[in-house]
């Protein structure tokens, strides 16, 4: 009996199995060391609004949610592309954040996901995009209806579509995302 793409993705990312995921955890630790020093794990966790034990899980291989990744990038002054992909040209650059009432509005991710899906596969392409992302069609439809997708799904969607992570997660306009969405 084989596994579906969604099942293999789930098993690969839950316990921290993939090499990409472990690199994200390593970069999170590097960011924490830069911001708070070697003994600053509790302080960094506090800045993220987490308990030290929860933050410790993220450094040891568990996938952090989008809000934690975004907040860590804001605190450390790094781009999402550096933390999630390790892109050297975007490391240690402060990126302004679009805010709504003092908080980043993650609910708008669903509209951006839908826009990318329509450009890639048309109005009825939900199942095709879900298969490429390694999630079930019902899970993907939840993402388009307002549930914030896991970081690895957004990272993969960014790679598949060519749309920058900054636009997918924060909605920051850029020439890159406009060009990609116009092409298709």
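The values are calculated or read from the model by the stated rules, or taken from the named source; none is laboratory data. Everything numeric here is computed off the predicted structure, so don't read it as measured data. Note: ideal-geometry Cβ built from the backbone for every residue, glycine included; neighbour counts use all protein chains shown.
Some values worked out for this structure:
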{"item": "Qualifying residue in the stretch 146-153 (condition: in contact with a helix residue (DSSP H, G or I) (Cβ under 7 Å, 6 or more places away or on another chain), in a loop (DSSP other than H, G, I, E, B), at pLDDT below 90 and within 21 Å of residue 20 (Cα to Cα))", "result": "yes"}
{"item": "Count of residues meeting criterion [surrounded by fewer than 23 Cβ atoms within 10 Å (Cβ to Cβ) and over 23 Å from residue 22 (Cβ atoms)] in the stretch 154-165", "result": "3"}
{"item": "Flag if residue 108 is at pLDDT below 90 and either not assigned by TED's automatic domain parsing to the domain that holds residue 166 or not in a loop (DSSP other than H, G, I, E, B) (or both)", "result": "yes"}
{"item": "Scan of the stretch 51-64 for residues that are within 18 Å of residue 18 (Cβ to Cβ) and either loosely packed, with under 15 Cβ neighbours inside 10 Å or modelled with pLDDT under 90 (or both), ordered by number", "result": "60, 63"}
{"item": "Residues (closer than 20 Å to residue 129 by Cα and at pLDDT 60 or above) located in the stretch 167-177", "result": "167, 168, 169"}
